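Reviewing the structure listed below.
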Amino acid sequence: MMKIIWLNIVIFIFLRLAAIASIFWGNPDFINTVLSYLQLPSDPHVLLTRPWTIASYMFTQYDVMHILFNMLWLYWFGSLFTMVATQRQFFTLYLLGGLGGGAMFMLGYNLLPAFDHHYGMLIGSSASVIAIVTATAILMPHFKMNLLFIGSVSLKWIAIATIVLVLIGATGNNAGGEIAHLGGVAIGTIYALRLKKGHDITAPFNHTFDRMANIWNRFASMICGTFSMKKCSGTRHTASGSNTRKTNGTPLSRNDREDLDAILDKIKKSGYSALSPEERQRLFDVSKKIK
């Protein structure tokens, strides 16, 4: 989770530094050129010349408040999400939420009459973040968060309020962006509802990532063997579906592992709402030990 947050922050800092440099170079429009190669264009013909933007847009923010709120929400809800799911599921859902938001954005601009003769650019991780928010709220609807000036509020009400604001915003100045948010909501909802029935929609993508990583490892091993590079003889990390959990310096006790496995099995079969208050507290206590 933190790797995704830091990636967003690093790209934001790079863009801001590039904007400052372009001003000193006497070419303030240079940053707009850079952004045009990172944002997702609404025109399919332009997208064909910049296919990478379907992924790059969801890690790119330029406005300070935009990245601040997105990263805060991603950290808060990501921390809760990883209590009942793995980091791999988090990463894949982030990508799927972004892809869903991008697809909804493209469909809206190219099919809805309201966007006729309009050209838009999509930027930001909002669709990915809202997919995480929606999935977390469905998996943990009764979990309460303490909000400033409001107090304790269940996740389901936070998610409902967020979706309502998205729907209201769909008629405003950022209509294209809000439509993309709806794509994130849809992906998060599908993931959570399917997971409650025992089906993980991120699994096929994770298996594909594993195969790609293994192919790369075999290729790297072959190159190392061909050139007899001693530096290539270090420890080789392979991607796998292992559920091995690392902790903050102290391994989980046998009781902790058994309790965690039992609770996660129950969540997979019946959903988070089926847990008793004691089981939820136990899950929270054990999860705090996991990095």
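The values are calculated or read from the model by the stated rules, or taken from the named source; none is laboratory data. This is a predicted model, so every value here is computed, not measured. Backbone-built Cβ (ideal geometry, glycine too); neighbour counts: all protein chains shown. To get the accessible areas, we keep the full protein, side chains included, count just its heavy atoms, and leave off ligands, DNA and RNA. Shrake-Rupley method; radii C 1.70, N 1.55, O 1.52, S 1.80 Å.
Using a simple spin-label model with pseudo-atoms 7 Å out from Cα toward Cβ, residue 24 and residue 36 lie 2.5 nm apart.
With R₀ fixed at 41 Å, the C-beta to C-beta distance from residue 146 to residue 207 puts the FRET efficiency at about 0.60.
The length gained by stretching the chain between residue 64 and residue 117 to full extension, at 0.36 nm per residue less their Cα-Cα distance, is 16.1 nm.
Full extension of the chain segment joining residue 253 with residue 14 gains 81.7 nm, where the gain is 0.36 nm per residue of separation less the Cα-Cα distance.
With contacts taken as Cα pairs under 8 Å and at least 6 residues apart, region 33-102 reaches a relative contact order of 30 percent. When nucleic acids and ligands are ignored and a 1.4 Å probe is applied, residue 196 ends up with an accessible area of around 60 Å².
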